[in-house]
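Asker: Dropping a structure here in structure tokens format, bear with me for questions.
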Amino acid sequence: MRRASACCLELGDIATASRLRIHHLRHSIQYICSVRLSSEVSTAIARFSPAAVSPGAASFAREATALAEPESSNRAKALLFAASRLAAFAESVGLELCAEVLLRDSVIERFCAIGLKGVSHATRRTVRSNLRAIARAHTCAPPPVLLGREKAKAPYTVAEIATYLALADAQPTESRRMRAIGLICLGAGAGLVGADLRGVTGRHVVARSGGLIVEVTTARRPRSVPVLSRYHNRLETVASFFAERFIVGGIELSRRNVTTPLVSSLAGGRDLCRIEVARLRATWLATAAEAIGLKAFMDAAGIYCSQRLGDLVASLPAAPEDKAVALLGGSR
């Protein structure tokens with residue numbers, strides 16, 4: 001009996017709090033519309049009464065939009081549309097028309113996945129962004145921190161690569177010289193990093209199709225990479241020296257972090273910055289991009305971000321190896 005009484009008391013408290021909250025919400029909306037919002041925005045919110053949704057859904061949309069404090073009437077209309085569609089969906093599935101229920105991430109995601117099936121992906125993304133903006137305005141939590149995007153490493157210049165090759169040539173033992181030269185040639189000449197480098201032996205460097213090829217077999221994306229011709233002679237010498245052994249060092253394929261011990265063991269070059277494998281790859285990427293005219297293509301197409309290029313490239317036929325060698329293995 002005590003437990004039942006406690007439950008009834010809790011339900012009564014929740015109902016009372018809900019009535020107080022609604023009463024407070026109405027006064028807050030009146031205050032916001034009269035003080036914080038411009039007359040143009042207030043008018044757009046007050047006049048919102050679409051025939052496609054119920055009066056309750058329209059009322060929820062007006063209240064939610066007013067608390068979000070849109071800066072313009074167009075922004076208010078976008079928020080009103082998103083909130084009214086969300087409220088209509090909530091009514092269809094039996095959810096209470098209140099911000100605490102409808103503006104949860106789980107409800108917004110369910111609405112976007114089920115309630116917006118008939119609209120385009122772009123519209124779905126816009127509606128979700130607007131609903132999340134309303135949800136942030138209804139909470140006391142701080143807005144999400146904007147995390148900066150990590151930019152690509154700067155490529156090395158030709159002079160810098162020549163300096164690092166000279167450092168490799170000055171190593172005290174032949175094995176260390178060959179490993180350092182191999183690292184530079186595989187990175188700047190073929191763009192290999194991480195797992196790509198870990199599995200390369202001398203036998204994976206093959207002369208064919210009019211150039212020099214590195215067979216990448218142990219990475220997530222096995223492939224054949226044409227080597228830039230300026231690195232051919234050095235890399236062929238390295239491959240002949242190591243034969244069946246791993247070029248970058250170690251004896252087990254499962255070894256980790258193979259480049260750090262090699263770079264750390266280089267003798268001399270105190271006036272030089274430490275070799276960065278990511279910058280070696282960036283050097284190859286920049287050279288290959290220049291060879292295929294990527295910048296000219298993106299400038300002509302008006303593209304500044306490559307997000308969709310992968311979708312386009314996926315539909316193109318694979319280039320023959322001799323064509324890839326001729327295109328990417330030139331002496332640039």
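The values are calculated or read from the model by the stated rules, or taken from the named source; none is laboratory data. This structure is a prediction, so every number in the text was calculated from the model and none was measured. Neighbour counts are summed over all protein chains in view; Cβ atoms, including those assigned to glycine, are modelled from backbone coordinates with ideal geometry. Ligands, DNA and RNA are excluded from the accessible area calculation, which covers all protein heavy atoms including side chains. Shrake-Rupley method; radii C 1.70, N 1.55, O 1.52, S 1.80 Å.
Asker: Each residue of segment 296-308 in order: what ³J(HN,Hα) in whole Hz does its phi give by Karplus 6.51 cos²θ - 1.76 cosθ + 1.60, θ = phi - 60°, with x for Gly and Pro?
Answerer: 4, 5, 5, 5, 5, 7, x, 9, 10, 10, 8, 4, 9
Asker: Using a Gaussian network model on the chain with a 10 Å cutoff between Cα atoms, which of 155, 317, 261 fluctuates the most?
Answerer: Sorting by GNM fluctuation, first place goes to 317.
Asker: By how many nm would the segment from residue 218 to residue 312 grow when fully extended, if each residue of separation counts as 0.36 nm and the alpha-carbon distance is taken off?
Answerer: Separation in residues times 0.36 nm, less the Cα-Cα distance, equals 31.2 nm.
Asker: Can you give me the accessible area per residue for segment 34-103, using a 1.4 Å probe, in Å²?
Answerer: About 49 Å² of surface per residue is accessible.
Asker: With a sphere of radius 13 Å drawn around the Cβ of residue 303, what net charge do the other residues whose Cβ falls strictly inside it have (Lys, Arg +1; Asp, Glu -1)?
Answerer: Computed value for this residue: 0.
Asker: Provide the gained length on full extension for the span residue 113 to residue 289, in nm with one decimal, where the gain is 0.36 nm per separating residue minus the Cα-Cα distance.
Answerer: Computed gain between residue 113 and residue 289 is 59.5 nm.
Asker: Another question, then. What value does segment 51-183 have for Rg/Rh, both radii from Cα atoms and Rh as Kirkwood defines it?
Answerer: 1.46
Asker: Normalised by the empirical 2.2 N^0.38 Å for globular proteins, what value does the Cα Rg of segment 84-139 take?
Answerer: 1.04
Asker: Starting at the first residue of segment 224-229, write each ³J(HN,Hα) from the Karplus equation 6.51 cos²θ - 1.76 cosθ + 1.60 with θ = phi - 60°, in whole Hz, x for Gly and Pro.
Answerer: 10, 10, x, 8, 4, 5
Asker: I've got another one for you. Averaged per residue, what accessible surface does segment 185-332 expose to a 1.4 Å probe, in Å²?
Answerer: I get 58 Å² per residue for this part.
Asker: Going down the table (77/295; 295/323; 153/295; 117/295), which pairs top 28 Å between alpha carbons?
Answerer: 77/295; 117/295
Asker: Of 163, 43, 287, which has the largest mean-square fluctuation in a 10 Å C-alpha GNM of the chain?
Answerer: 43
Asker: Just need the relative contact order of segment 50-183 here, percent rounded to a whole number, with Cα pairs under 8 Å and 6+ apart.
Answerer: Relative contact order here is 21 percent.
Asker: Between beta-carbons, use under 9 Å as the cut-off and find the net charge around residue 135, counting Lys and Arg +1, Asp and Glu -1.
Answerer: Surrounding charge for residue 135 is +2.
Asker: Between 128, 198, 281, find the one with the highest GNM mean-square fluctuation for the chain; connect C-alpha pairs within less than 10 Å.
Answerer: Highest fluctuation of the listed residues: 128.
Asker: OK, next. Once the principal axes of the Cα atoms of the chain are found, what is the range along each, listed largest first in whole angstroms?
Answerer: 83, 57, 38
Asker: In the neighborhood of residue 44, defined by Cβ-to-Cβ distances under 11 Å, what is the net charge if each Lys or Arg adds +1 and each Asp or Glu adds -1?
Answerer: +3
Asker: Let me ask something additional. If I take all pairs of Cα atoms in segment 175-267, what percentage of them are more than 16 Å from each other?
Answerer: 47
Asker: Further, regarding this structure: Computed FRET efficiency, Cβ-Cβ of residue 71 and residue 278, R0 41 Å: what is it to the nearest 0.05?
Answerer: It comes to 0.50.
Asker: Given points 7 Å out from each Cα along the Cα-Cβ axis, report the residue 301 to residue 229 separation in nanometres with one decimal.
Answerer: So the two model labels end up 2.8 nm from each other.
Asker: What length, rounded to one decimal in nm, is gained on full extension from residue 151 through to residue 252, with 0.36 nm per residue of separation minus their alpha-carbon distance?
Answerer: Contour length minus the Cα-Cα distance gives 33.1 nm.
Asker: Using 1/(1 + (r/R0)^6) with R0 = 35 angstrom and r between the beta carbons of residue 174 and residue 195, what's the FRET efficiency to the nearest 0.05?
Answerer: 0.85
Asker: Using the alpha carbon gyration tensor of segment 224-332, what are the three equivalent-ellipsoid semi-axes (square root of 5 times each eigenvalue), largest first, in whole Å?
Answerer: 32, 19, 16
Asker: Could you look at the chain and say what percent of its accessible area is carbon and sulfur, using a 1.4 Å probe and all protein chains?
Answerer: On the chain, the fraction of accessible area on carbon and sulfur atoms equals 56 percent.
Asker: Something else about it: When the helix-only estimate is applied to the chain (DSSP H runs of n ≥ 4, each -39,500 (n - 2.57), divided by the residue count), what is the mean residue ellipticity at 222 nm, nearest 500 deg cm²/dmol?
Answerer: Per the formula, -17500 deg cm²/dmol.
Asker: OK, next. Distance between Cα centroids, segment 243-318 to segment 199-241: provide it in whole Å.
Answerer: Centre-to-centre distance over Cα atoms comes out at 14 Å.
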